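The values are calculated or read from the model by the stated rules, or taken from the named source; none is laboratory data. Here the structure is a predicted model, which means the values were calculated and not measured. Every residue, glycine as well, gets a Cβ built from its backbone with ideal geometry; the counts of neighbours run over all protein chains shown.
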Amino acid sequence: MADPIVEVRNLRKTYGPKVAVDDVSFAVQPGEIFGILGPNGAGKTTTVETLAGLRQADGGTVRVRGIDTQRDPAAVKDILGVQLQEATLHDKITVGEALDLFAGFYTDPVAPADLLELLDLTEHADKQFAKLSGGQKQRLSIALALVGNPEIAILDELTTGLDPQARRATWDLVERVRATGVTILLVTHFMEEAERLCDRLVIIDAGRVVAEGTPQGLIDGLDARRTVVVRFAPDDVARGRELLAGLADRDPEVATAEAQGDTEVAVTGTRRVLFAVVPALAGADLVPDDVRTLTRSLEDVFLAVTGRTYQPDAQTEVRDDAQLVTATTREGDRS
C-alpha cells in the first residue's frame, strides 16, 4: 500500500471547556474519496479546518504529503484545495471573474476554461454569483477548490441545501473530479451520499471516531439478522399477524414478528428468514400485497456503535472535560 497522502493522529481541539474533536485519527490514501461522516456538530468541520491549517490544534498531529500543516500551513497551499461549507462571494462577481481571481493566487493554476467545462459552468461564465442557482454555486465552489491544481480537495457539506436531483448531479461531478487524479476528503452528514461516493470513511460522533472502514465493510460487519416486511390487504391483516407471530414461536429461522402500522408485519430472523416466511404464507393461502427485505445501511452501523438512531440535524453532544454537554446545532452550523 502507498504511503498515506493525509495522516491525522490523535487530533484534539477544544473551545474553552468544550472538546470539539477528541483523539481523532485516520489516514487517506492517494486517489481515494475518503469520507468524514457524522451528524451536524460532531466535529467534522473542525477536523478538516485543523487539517488545512485554518485552526490551531490543541493536541495530535496532522500531515499532508508529510508536511505538518500546523507548523507550516503555507507549504500546502498548492497541494490542498478547500471548499468550506460557509463560503460566499460578492453578489456581482461573475463565475469567470471569480475563477480568474482565484487562479492568480497560485503558481500553477488550472486553466479556468478547463474547469468551466469540467463542472458544466461554461454557459454560466458571465453570470453573476447572486443569480446562480444553489447547484451552480456548489459547482463554482468545487471549481474554486480545484483552480490551484491541488492533489487533494476538501469538500465540506457539499450538497447541503440542494434538492435531490441537484445532489445526485453533484455526486457525478465529484466522481468526475476524482477521475482526474484528485484525492477527495468528503465531509458530509448524508448517509446515502457517503455510501454512494466514499471508498473508505470514518464516522464521527461527539468528537470521536466511532467506526472506520469501507461503507460495505462496515455494513457487512453488522450481525447476520435480516428483516422482511410483509404488507397485507386490510381483510387479511389479522390472520397474517397471527400466522407470522406463530412462526416466530416454532421456526428457528424467525426471531420476532412485530406489527408495523395498520397493514404491515416486520419479521426478523436469520439470513434465511425469507425462506421461512414465504412458504408459511403459501401454506396458509395468504397472498400479501407486498413482501420486501430491508436493506442494511450506514444508519444501522451508526445505531450499532452509538446505541441511538441517526439524526443528522438534531442536537448533538459536545464533550466537556468531565461530561457530555448538549449543544444545539442547525444544518449549516460549523461542526
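Observations on the structure shown:
- Residue pairs whose Cβ atoms lie under 6 Å apart, sitting 6 or more positions apart in sequence or on different chains, and linking a residue in region 1-28 that is on the phi < 0 side of the Ramachandran plot to a partner that is surrounded by 19 or more Cβ atoms within 10 Å (Cβ to Cβ) and of a type in the set (Ser, Thr, Tyr), are Ile5/Thr183; Lys13/Thr46; Lys13/Thr50; Ala20/Thr46; Val21/Thr46; Val21/Thr47; Val24/Thr47.
- Selection within region 34-54: residues that are touching a residue at least 40 places away in the same chain (Cβ under 8 Å) and among the hydrophobic types (A, V, I, L, M, F, W, C). The member of this set that is farthest from Thr107 (Cα to Cα) is Ala42.
- The set of residues in region 61-111 that are in a strand (DSSP E or B), crowded, with 17+ Cβ neighbours inside 10 Å and not β-branched (Val, Ile, Thr) comprises Arg63, Leu80, Gly81, Gln83.
- Residue check, Asp199 out of contact with any helix residue (DSSP H, G or I) (no Cβ under 6 Å at 6 or more places or on another chain), in the same structural domain as Asn10 (by TED's automatic domain parsing) and acidic (Asp, Glu): yes
- The set of residues from region 112-121 being touching a Lys or Arg at 6+ places or on another chain (Cβ under 8 Å) and either at negative phi or crowded, with 20+ Cβ neighbours inside 10 Å (or both) comprises Leu118, Leu119, Leu121.
- Only one entry in Ala57, Ala74 is in contact (Cβ under 8 Å) with a residue 40 or more places away in the chain and over 19 Å from Asp199 (Cβ atoms), namely Ala57.
- Among the candidates Val8, Val48, Val24, the residue that is part of a helix (DSSP H, G or I) and either of a type outside the set (Phe, Trp, Tyr) or at pLDDT 95 or above (or both) is uniquely Val48.
- All conditions in (1) crowded, with 20+ Cβ neighbours inside 10 Å; (2) under 30 Å from Val19 (Cβ atoms); (3) touching a Pro at 6+ places or on another chain (Cβ under 9 Å) hold for Phe232, with the sole exception of (2).
Rundown of residues vs (1) surrounded by fewer than 20 Cβ atoms within 10 Å (Cβ to Cβ); (2) of a type in the set (Ser, Thr, Tyr); (3) under 18 Å from the mean Cα position of the chain (by Cα), yes/no style:
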| site | (1), (2), (3) |
| --- | --- |
| Glu7 | yes, no, no |
| Asn10 | yes, no, no |
| Ala27 | yes, no, yes |
| Glu32 | no, no, yes |
| Gly38 | no, no, yes |
| Thr45 | no, yes, yes |
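- Pro312 being surrounded by 14 or more Cβ atoms within 10 Å (Cβ to Cβ), modelled with pLDDT of 90 or more, part of a loop (DSSP other than H, G, I, E, B) and outside the structural domain of Ala206 (by TED's automatic domain parsing): no
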